[in-house]
Amino acid sequence: MSLIDAKTLAYINMFAILGSLENLTRLSADAGDVLTNRKPIKIAFDVKGGPKATLTFKDGRCRMREGIGKCDIKIPFSSCAKFNGLMDGTTTPIPTKGFRHIKFLLKEFTPLTDMLAKILRPSKEDLENREFFELSTTLTFYVLTVAVAQIANHDEIGRFSAAHVVDGDIHMVVEGGPAATLRVKNHHILTHKCLLPDPPKAKMAFESFDLMRAVIDGGVNTVACIGEGSISMGGDISMLDNLNRILDRAALYLS
Amino acid sequence: MKINDYTKSKEMFKRAAKVIPSGVYGHLGPAEGCFVPVSAFPLFSERAKGSHIWDVDGNEFIDYMCAYGPNVLGYGDEDVDAAALEQLKKGDCTTTPSYKMVEFAELLTDTVKKDWAFFAKNGGDTTTLAIMTARAATHRKKIIFVNGFYHGVAPWTQKLDYPGVLPEDVANNLYVDWNDFGALEKLAAENEGEVAAFIATPYLHGNFFDNVLPAEGYWQKVRKFCTDKGIILICDDVRCGFRLDLAGSDNFYGFEADLICFCKALANGWNVSALCGKEFLKSAVSGMTYTGSYWMSAVPFAAGIACINKMKFLDAPKLFREKALKLTGGLKAAGAEHGFDLRVSGEPALFYLRTANGDSLFLHQEWVAECVKRGVFITNHHNHFINASLTDEDIRKTVEVAEDAFKAVKNNHPEL
């Protein structure tokens, strides 16, 4: 049980990692440039026994929708493990539909995912550029918050944690940076990459980008940060207590 | 009204974080202690006396956490400390245990109406011993817990998703809701012949929710059921012990536990805990490999004897109840004056507070923070504790602070 679960990892890879293309194309001019002047295109990922989603690239932006809708390219995977292989480079995707769009996959989609990989696994040197630092931290924050939901909904121990979380919204905020709402209903979590207007039931805030980065990199003790006030909590602390247990597992999956 | 400054506390915390994991770990720390916001709370104390503590910045607090229970007669109680210091002159941690252990066991078993006492240091030592004893006596492995429980920090008391806990550590744990006797019957039937023990606190005094007293006849039904099924009935009286009834909280609620765990109020802060039990389990516990370097230290035994005798002299539970009702009545009235619905739950001697305006806890946390900043140490999501040294003047001052704190919260929320 302490090992990571392939299905949960597939959901994380789909919705947290690939899903962060939405934010990449919104936040990075370079990413938008890759998609400039192209006709709208939809690419669907169909994982047997796992997640299914469709990415739409339009007007320099990307949107992800859960499920397989009308698409230009369809890439099936015979298992969650095969899909996870796409992310670590051990599986070569073979579309069953849209061969005439293969140029998009090679010339636009792959550069975008390469860019994403560079941002989510940044070098020390890259992080010295403040703009890159904030972009990397922002995207990683979104990956983390979406991964939490996938773990809460699919991982066995994550589901145990989620079973102890009451209904309501949790706001996670980086002061001066990104924010997300984790909406809990019937022990199922859905992450919105923004602050929803309803009053939250609990809130966790990180005082700066730098602190968020340090938390991501494991460079600080988060409990000590709570003690010194750089991470603040409020509202239903038991929600946050259980959320933190899921965050621990997110670190395991994302490592 | 003076608002506290915590400059030195913050400096000390920075030093602490360098050499102590998380600065202050556990329930006395700002994370687990739910200090919201942490800037409202003192982090280190300098001294304590009676019902008061002074932090490293010199701020004085009327303390309703009582070190989370051990302070039952008042910090630095002269009678208890005199007995402890007298014993210290004679010996404390020695090769053969002091005869004080026997005197303490005789007094304790007589007080709590049990047949034997086994001493250790912390409440968790005794809950673990209780579980081991039940398993040894019944040759069964499963334990039934009540949802929302806290029985210490040993792996078996934690949950599947806690760091460092293995699935195997909690594989034999079963869970039922409090006061749901039908669920207990059903669960036991599903695990017929496998359940060693049912462990519960005298009432549901968990954190983050209003505390719940036992339903009429609940404990009596549980007692009979456990007897019929050969299940050992364990009362975790670590938190409530001696605050409801000097004969134990099982006596208070009209049932007899097979095993009962004591710690917090046993020796007014001198470190000793005890598992007490009935005769039929004495042989099982005797065969256990279970001991510790300081478990037979004599000073806490001497303190425990003095503490129990003084609690008897004072009729402490009656005193606690009277003081608590006076206090919580004042707090509720102070809230009502400013439009706040302050809910008080649990037994008065261990009152739990929640501001019930709206469905979130933010307002309650704001009010608690305003109280602490003004010198009344209460906490957000844990029950509180009354001690015998609490004076009418302390209660009057507390209500005054609470009223000013409610006023401050009201000013921050014109929408209310």
query: Taking the Cα centre of the protein assembly as shown as the origin and placing charges on Cβ (Lys, Arg +1; Asp, Glu -1), which of A:ALA250, A:PHE45, B:SER297 is farthest toward the positive end of the dipole?
result: A:PHE45
Rh (Kirkwood; distinct C-alpha pairs) - segment B:78-314, Å: 18.3
field: Calculated FRET value between A:HIS188 and B:HIS139, using beta carbons and R₀ = 45 Å, to 0.05
entry: 0.65
query: How big, on average over all directions, is the shadow cast by the Cα convex hull of chain A, in nm²?
result: 13.7
- prompt: What's the percent breakdown of Cα-Cα distances in segment B:17-98 across 5 Å bins, shortest bin first?
  reply: 3, 12, 16, 19, 16, 13, 12, 7, 2, 1
statement: Note on the protein assembly as shown: the mean projected area of its alpha-carbon convex hull, in nm², is 33.1
field: Burial ranking of peptide ranges B:233-241, B:382-390, B:133-141, A:133-141 (average Cβ count within 10 Å, highest at the top)
entry: B:233-241, B:382-390, A:133-141, B:133-141
message: If the only charges are +1 at each Lys and Arg Cβ and -1 at each Asp and Glu Cβ, what is the size of the charge dipole of segment A:6-120 around the Cα centre, to the nearest 20 debye?
response: 460
statement: By the mean-Cβ-within-10 Å protection proxy, highest first, B:335-341, A:50-56 rank as A:50-56, B:335-341
statement: Across 10 Å bins beginning at 0, the whole-percent shares of Cα-Cα pair distances in segment B:1-142 come to 9, 25, 28, 24, 13, 1, 0
message: Relative contact order of chain B, please, whole-number percent, based on alpha carbon pairs below 8 angstrom and at least 6 residues apart.
response: 23
field: Exercise: per-residue mean of other protein chain Cβ atoms within 10 Å, B:206-218
entry: 1
- prompt: How far is it, in nm, from the label point at A:LYS48 to the one at B:GLU168 when both lie 7 Å from their Cα along the line to the Cβ?
  reply: 3.6
field: Candidate lysines for bridging to B:LYS224, where Cα separation is under 30 Å - those fewer than 8 sequence places away on the same chain excluded
entry: B:LYS113, B:LYS114, B:LYS141, B:LYS142, B:LYS159, B:LYS186, B:LYS264, B:LYS278, B:LYS282, B:LYS318
field: Stretch gain in nm, segment B:ASP5-B:MET288, where the contour uses 0.36 nm per residue and the Cα spacing is subtracted
entry: 96.8 nm
query: Quick one: if the Förster radius is 60 Å, what FRET efficiency do B:ASP392 and B:ALA189 give, using the C-beta to C-beta distance and rounding to 0.05?
result: 0.70
- line: Output field shielding_mean for B:29-40 (other chain Cβ, 10 Å radius) holds 5
task: Calculate the spin-label point distance for A:VAL166 paired with A:ARG100, positioning each point 7 Å from the Cα along the beta-carbon direction, and give it in nanometres.
output: 5.8
Segment B:176-239 and segment A:1-70: distance between their alpha carbon centers, rounded to Å: 50
statement: Computed D for segment A:130-254, Stokes-Einstein, Kirkwood radius over alpha-carbon pairs, 25 °C, 0.890 mPa s, to the nearest µm² per second, is 171
message: Using a 10 Å cut-off around each Cβ of peptide A:230-237, what is the average number of partner chain Cβ atoms that fall inside?
response: 6
- line: Here the Cα Rg-to-2.2 N^0.38 Å ratio for segment A:6-120 is 0.98
task: Count the net charge of all other residues whose Cβ sits under 13 Å from the Cβ of B:SER98, scoring Lys and Arg as +1 and Asp and Glu as -1.
output: 0
task: Using only the alpha-carbon atoms of chain B, report the extent along each of the three principal axes, biggest first, to the nearest angstrom.
output: 61, 54, 44
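Read the figures in this text as sums done on the coordinates, not as results from a lab. Since we're looking at a predicted model, the values are computed, not measured. Glycine also receives a Cβ, built like all others from the backbone with ideal geometry; neighbour counts cover every protein chain displayed.
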